[in-house]
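Written out below as structure tokens is the structure these notes cover.
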Amino acid sequence: MNTKHTPYNLHPDRLFSSDTKEREISKLLYNSVKSLPIVSPHGHTDPRWFADNDNFSNATELLIIPDHYVFRMLYSQGIGLEQLGIRRVDGSSAEVDFLQVWKVFAQHYYLFHGTPSRIWMDYVFCEVFGFSVELNAENAEFFYHKINAALATDAFRPRALLQQFNIELLATTEGATNCLTHHKKIKQDGLNNTVITTFRPDDVIDPQVKGFSRNIEVLGELTNEDTHNWQGYLHALRQRREFFRAHGATATDHGHATALTADLSSLECQRLFEKIISKTASSEEQELFRAQMLTEMAGMSLEDGMVLQLHPGVHRNHNTSVFQTFGADKGCDIPVNIEYVNSLKPLLSKYGNETKLRFILFTLDESNYTRELAPLAGHYPCLKLGPAWWFNDSPEGMLRFRHQVTETAGFYNTVGFNDDTRAFLSIPARHDVARRIDCRFLAKLVAEHRLSETAAFELARDLSYRLAKEAYQAADF
Amino acid sequence: MNTKHTPYNLHPDRLFSSDTKEREISKLLYNSVKSLPIVSPHGHTDPRWFADNDNFSNATELLIIPDHYVFRMLYSQGIGLEQLGIRRVDGSSAEVDFLQVWKVFAQHYYLFHGTPSRIWMDYVFCEVFGFSVELNAENAEFFYHKINAALATDAFRPRALLQQFNIELLATTEGATNCLTHHKKIKQDGLNNTVITTFRPDDVIDPQVKGFSRNIEVLGELTNEDTHNWQGYLHALRQRREFFRAHGATATDHGHATALTADLSSLECQRLFEKIISKTASSEEQELFRAQMLTEMAGMSLEDGMVLQLHPGVHRNHNTSVFQTFGADKGCDIPVNIEYVNSLKPLLSKYGNETKLRFILFTLDESNYTRELAPLAGHYPCLKLGPAWWFNDSPEGMLRFRHQVTETAGFYNTVGFNDDTRAFLSIPARHDVARRIDCRFLAKLVAEHRLSETAAFELARDLSYRLAKEAYQAADF
Amino acid sequence: MNTKHTPYNLHPDRLFSSDTKEREISKLLYNSVKSLPIVSPHGHTDPRWFADNDNFSNATELLIIPDHYVFRMLYSQGIGLEQLGIRRVDGSSAEVDFLQVWKVFAQHYYLFHGTPSRIWMDYVFCEVFGFSVELNAENAEFFYHKINAALATDAFRPRALLQQFNIELLATTEGATNCLTHHKKIKQDGLNNTVITTFRPDDVIDPQVKGFSRNIEVLGELTNEDTHNWQGYLHALRQRREFFRAHGATATDHGHATALTADLSSLECQRLFEKIISKTASSEEQELFRAQMLTEMAGMSLEDGMVLQLHPGVHRNHNTSVFQTFGADKGCDIPVNIEYVNSLKPLLSKYGNETKLRFILFTLDESNYTRELAPLAGHYPCLKLGPAWWFNDSPEGMLRFRHQVTETAGFYNTVGFNDDTRAFLSIPARHDVARRIDCRFLAKLVAEHRLSETAAFELARDLSYRLAKEAYQAADF
């Protein structure tokens, strides 16, 4: 890899404090963990890539079109989504000129100054594709063709990249009715680097999801259960969890609007479920159903050992017009204020003291870190805190997370890093940022005599590698 | 200007990080922008000053009595407002001994340690009046007379100060029924440095404002429209916007209690307006009316190109007794928790994707920065974030703003600095603080290899000067 | 004290910034205040210790079992409370093997990396007991026996420790019906170092407290008042306040769930009280009663000069199962989102402008610092801000407090440090942390030329010592 003309942003000391003492310790810590394998226990890459192992098509389709971090910023500055190659849901989109999209991106690359997208992208350009200059309007075409040429080689096929990136474990996320064909093929091919799935049953749990009724039927067909009956529905979910576990899953994931949980009696559950199925439930009852189902999922996790992840508090598809024209995941999801303490109480009253349950909480509302999440995780045996999420998966966001969470929850009620990405090529970049920032935080504690060097080296390894494996019960892979 | 005995707080490196590397870069960046003209696109100075160009009276009436930052702190420590020369609304106040008020201020100057008021005031003393020692109880009288002597000279007349301060643009703020006499005179006199107005229609939009009914009548008289009729009312507002634009206005400003917006049908609007006009509206309906009017204002902005500013979330005149005795703007306004995501949805659903609309959001609830505001501004084309506002217009507040906003909204969804002040003499001080802090933030990114030096120099200029002009459409002045 | 092999965490420069300039100033400031006497105006030590002056029993009973910071972290990692020697409320607990508990703690000492508990505990080991190595699984028994041996000596009796710790004032906290026997004995014995009580009437004010009815009866018996009658109840409270003042109390303290206050008419109060006493009040009425009582307490404070403290916003005993089995204060209290601006308005409208009232506000919801608390304290004469509380009584928490509060409230609307602890041996450690962090914050301001060195030295003394005495009206002791 050409590092003769390392661009500024790939400086070997990037993201460390400029304080000499902190920087020196950061470097020592980072050097001890930078080559550790990547454990990616929660993310959204496409399993088809690893099943089929086809070459990626071109820079734009790989790096721009699927990355809502990238096109939301461009859109915010007045560049239309069609200009960026985003397809309409009605199929009426014009032919996309991928080179032209790339040029628009390059021309506006300055918009990303100070953002994590810029850091990840520069890493990909430099470390993955060997560029030694910054992308700009003038060299856009050069970048485009050089990237495309690389993508056409065997060394850039998905499985080769898994190896090159030193990825020990990569989890994707699939809906409850997914057939897991790609994961089956991955398994059959005996892939060295493990690609596993995650059970994400929102589509059959959230009555407000489009196509919910049809999903319930499919769930019944797949499991041969009567999913219009409360017990049958639960049995069907249990079966699907088993099916997912057989394809490697160690965790479930839930994208509820709030952290609300409930603990209804069996009779109340049945009656509520009947309303849900017959489409007579009010929106409050729909929320109550999701709340109850989170508790049901916790109960099933206790039975089958799957880790329970909750990613709440996002107003999805806030921009109605963009959603209607271009569909979901188009950069229009906006975090909202949420609360955990009262919301989680029903579930925690039932299962909170179970030492065998692992319940990982995420938030986009950072005001919860010190007020609710660290105190909860610093008490309940089942709770752990997921890393800084989404908009907070950034140098500043990660630093705030450690600064605000550590004193009350400690390090060992956190679970290492999640890249949570669909941008496959950015995975090493994201883990690199996380490792650098964690080492920076530990270095600060050492430099201020709040932590011994010995402990810092152990923690650096734990935060970079061990805690993720342990928290997601991936220790035996 | 005497700088032989520069006081500590006018140290040339003040407000920069004490880290050598960051400080050196900060200085280079700051030196490149410190002499740029001041663009002050949002503030509350008195246009009469610039129209009449009379000398200011004395230090107390200029620097203490109008500055609620100053007297709220003194009041919080048990000093009565009358002791500070604040007049009762009933006109019963005793004669004010301005020198005595000044002495009380000087005696308690230590209360301002660590506050932005102290930074601004020290700058005024040192840079504007040439003092080289700190104000204290002993030298209070010396300060008072020296300031008064300066104020009596031609060099300290308002228009001379505009030039001395290198103010390229200064916007004041006037109510919808204001005759803009002073602005007319300013224009007629062909003032080199532009002083423009801003359209602030709260008085004719918020039914809870004292004198609302009378204001609606005056609005009708000024525009020859039937303002008791929904369409007439809207026409009247359009006319007043045009009138303000003719006096230089490029923006409107709205001080609503919340960020609530609405998108009612024309019929619903008419019915709601009838209730408002007939004083039969409930407080919920009054809130709904304000919400609808924000959307109407956005629609008019799209027609006439005026920038829409929203400054929500303040509990005004929280101290009832002080309000009743001394009136509004007496340091009794307290921020409250607010939310933007759901509140703004009706307006954003209607106009959010308009690239011609410029909607600038402010907040005093910093928990919104990462949770709501940066994600919203990083997506919607019409949205930009105003700078750290009011209590947060301070070194720490500005740093938090950049640290929390930049990673998701970038720099280019922000609009440069607003001094937002009625304290005319502090304007250079405030812009100086903003430039120093922005340069400090950029220097940190450079020192940590997160931004190139080249980009930092360009951004320093953008944040200090260019973005304010562009955001407030002041580029052609 | 053996400092030959000072452990890393007792480094003389610990908790200061690693920036050379800031560190040097921090050291100068800290050296000027480190030996000042300790004023501890709010805490929860057991007055019996100082009355009886018996030796403490052993390391586990003194340092582990009463410290919910310690056992909540261990519990969060799956260690049962019984394993930690916590007794069941039903008395069914097995014999505790104190050495074994100590070993479990030592074995898991790494869980406290980065937490304040670790900092306090290391200080106690090193500075109080003279250890020069870190506690670990291997040396656990050595620590245990050495600590126990020390505890058996006269030098480690409670009163000797008060002197050794240089504690000038120590306030405990007792319920309204407490007989203050221990405080009486302390007074009779003419203790040099003052131990006083604090009036905490939650037990007779909060109808949701267990045993409330019985408490009201006892209140009547103690005061010979008819406490089932509103006026009698108020008289009884006045009497108890007087009784507490006679035992040194200068302050009251209130642990309400929210900051709600009310200002009902006398007739409304009577009617509400009748419902409370007859147990027919709804939970809203119970909340209203607490709200009204806060205003009543403010009125009495104005009469008798006692400082009013409010510690709101905690969901107590969130873990129902732990609460039922092991009782209160077992690490299951979780902060919740609260608001102050509207909640406090009734009380502030009545008494907010009284310069003789001292009302000290605390929070666990840090999003209130800049939004509500600093602006309120920077205006109302009666209000002061208590220091960073509970989970925020930590290096990072204290730094956030100063960074977020100072610019709007200044230093002089804060009240110095409260250790707020029941862990007697950690008191010097906690004050040491507070002094170091305040000096660090001041040093940063000096190094960035935002504060003069002269002012910093004065402020260091004020924050470490003077403000606490003044705020709690302890200046005359």
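The values are calculated or read from the model by the stated rules, or taken from the named source; none is laboratory data. Source: prediction; values computed, not measured. All Cβ positions, even for glycine, are placed from backbone atoms using ideal geometry, and neighbour counts span all protein chains on display. Heavy atoms of the whole protein, side chains included, go into the accessibility calculation; ligands, DNA and RNA do not. Shrake-Rupley method; radii C 1.70, N 1.55, O 1.52, S 1.80 Å.
Annotation: the antiparallel percentage among DSSP beta bridges lying fully within the protein assembly as shown is about 10.
Panel note: the C-alpha atoms of the range C:350-477, placed on their principal axes, show extents of 40, 38, 33 Å (largest first). The residues of chain B expose, per residue, 34 Å² of accessible area to a 1.4 Å probe. Against the compact-protein benchmark of 2.2 N^0.38 Å, the Cα-based radius of gyration of the range C:94-197 scales to 1.34. Among the protein heavy atoms of the protein assembly as shown, carbon and sulfur supply 48% of the accessible surface, probe 1.4 Å, non-protein parts ignored.
Restricting to Cα pairs below 8 Å that are 6+ residues apart, what does the relative contact order work out to for the range C:55-98? Please round to a whole percent. Intermediate values should be presented prior to the final figure.
Values: 20 pairs, mean separation 15.4, N = 44.
Computed over the range C:55-98, the figure is 35 percent.
Pairwise Cα separations in chain C fall into 10 Å bins from 0 onward with the following percentages, short to long: 4, 19, 29, 28, 15, 5, 0. Per-residue shielding of A:15-28, expressed as the average number of other chain Cβ atoms within 10 Å of the residue Cβ, stands at 4.
With the contact rule set at Cα under 8 Å and sequence spacing of 6 or more, what percent relative contact order holds for the range B:55-155?
Numbers: 76 pairs, mean separation 39.8, N = 101.
With pairs under 8 Å counted, the relative contact order is 39 percent.
When the alpha-carbon atoms of the protein assembly as shown are used, the pair Rg, Dmax equals 32.4, 94 angstrom.
Hey, how many Å between the Cα centroid of the range A:216-261 and the Cα centroid of the range C:77-127? The range A:216-261 and the range C:77-127 have Cα centres spaced 41 Å from each other. C:HIS113 sits with roughly 20 Å² accessible to a 1.4 Å probe, with DNA, RNA and ligands left out of the calculation. Return the subset of A:LYS185/A:LYS469; C:LYS356/C:LYS384; B:LYS34/B:LYS187 for which the Cα-Cα distance in this structure is over 18 Å, preserving the input order. Table pairs above 18 Å Cα-Cα are A:LYS185/A:LYS469; B:LYS34/B:LYS187.
For the range B:55-155, the normalised intensity computed at q = 0.17, 0.23 Å⁻¹ comes to -0.76, -1.36 (log10 of I(q)/I(0), Debye sum over alpha carbons, equal scatterers, no solvent). When the GluC sites (Glu not before Pro) in the range A:95-166 are filtered for DSSP coil states and for at most 14 other beta-carbon atoms within 10 Å of their beta-carbon, the remaining sites are A:GLU95, A:GLU138. Placing a label point 7 Å from Cα along the Cα-to-Cβ axis, C:GLN270 is separated from the same position in the other copies by 5.5, 5.5 nm, shortest listed first.
Find the sum over both chains of the accessible area lost when C and B are paired, probe 1.4 Å, and report it in Å² to the nearest 100. Before the final figure, lay out the partial values.
Details: alone 20010 and 20010 Å², together 36300 Å².
Interface between C and B: roughly 3700 Å².
Just to confirm a number: summing +1 for Lys and Arg and -1 for Asp and Glu over residues other than B:ASP329 whose beta-carbon lies under 12 angstrom from that of B:ASP329, what do you get?
Values: positive: B:ARG72, B:ARG316, B:LYS330, B:ARG422; negative: B:ASP67, B:ASP333.
Summing Lys/Arg as +1 and Asp/Glu as -1 gives +2.
Dividing the C-alpha radius of gyration of the range B:256-337 by 2.2 N^0.38 Å, with N its residue count, gives 1.31. Scanning chain C for the beta carbon that comes closest to the axis linking it by rotation to B yields C:SER367, 2, distance in whole angstrom.
Once you keep just the Cα pairs under 8 angstrom separated by 6 or more residues, what percentage relative contact order results for chain C?
On the way: 769 pairs, mean separation 97.9, N = 477.
With pairs under 8 Å counted, the relative contact order is 21 percent.
Using the structure shown, list the pairs from B:LYS279/B:LYS330; B:LYS275/C:LYS345; A:LYS21/B:LYS21; A:LYS103/A:LYS146; A:LYS27/B:LYS21 with a Cα-Cα distance above 22 Å, or answer none. Violating the 22 Å limit, Cα to Cα: B:LYS279/B:LYS330; B:LYS275/C:LYS345.
Are there any trypsin sites (Lys or Arg not before Pro) in the range A:341-404 that are in a DSSP loop and have at most 11 other Cβ atoms within 10 Å? List them by number. Could the numbers behind the result be given before it?
Values: sites: A:LYS350, A:LYS356, A:ARG358, A:ARG371, A:LYS384, A:ARG400, A:ARG402; in loops: A:LYS356, A:ARG358.
Within the range A:341-404, no trypsin sites (Lys or Arg not before Pro) qualify (loop, at most 11 other Cβ atoms within 10 Å).
Between copies, A:SER35 shows label-point distances of 5.3, 5.3 nm, shortest first, with the point placed 7 angstrom from Cα along Cα to C-beta.
Residues of the range A:62-93 that bury at least 10 Å² of accessible area once all protein chains are present, compared with their chain alone (1.4 Å probe, heavy atoms only, ligands and nucleic acids left out), are A:ARG72, A:MET73, A:TYR75, A:SER76, A:GLN77, A:GLY78.
Quick one: divide the alpha-carbon radius of gyration of the range A:365-412 by 2.2 N^0.38 Å and tell me what you get.
Numbers: Rg = 10.0 Å, N = 48, 2.2 N^0.38 = 9.6 Å.
Against the empirical 2.2 N^0.38 Å value, I get 1.05 for the range A:365-412.
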